[in-house]
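Below is one structure, written out as structure tokens; comments come after it.
The values are calculated or read from the model by the stated rules, or taken from the named source; none is laboratory data. None of these values were measured; they are calculated from a predicted model. Remember, those area values only see protein heavy atoms, side chains included, never the ligands or the DNA or RNA. Shrake-Rupley method; radii C 1.70, N 1.55, O 1.52, S 1.80 Å.
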Amino acid sequence: MPAERDESMRRVVVIDDEYIVVAGMTAILDRLNLDFHIVASASNGIDGQEVIRREKPDVVFTDKIGRAHV
């Protein structure tokens, strides 16, 4: 279960086209008990840009996104 949101936690967005990567990053960050709270994820660069604008995260984890997709 994801950590409860605490105001001191860093807001995180994960962007990857592979669901298993997003799920894995979420699980790893949760298991490590870091001060990270995943606020959103996206499966491509275009959606990722919108999520970043909307959520204003402190940290973004993403794979390499080609300019043709952005």
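Filtered by the rule that a residue be in a loop (DSSP other than H, G, I, E, B) and either at pLDDT 95 or above or of a type in the set (D, E, K, R) (or both), segment 15-39 gives Asp16, Asp17, Glu18, Asp35. For segment 13-20, the condition holds for no residue, the condition being that it is over 8 Å from the mean Cα position of the chain (by Cα), at positive phi and open to solvent by 100 Å² or more (accessible area, probe 1.4 Å).
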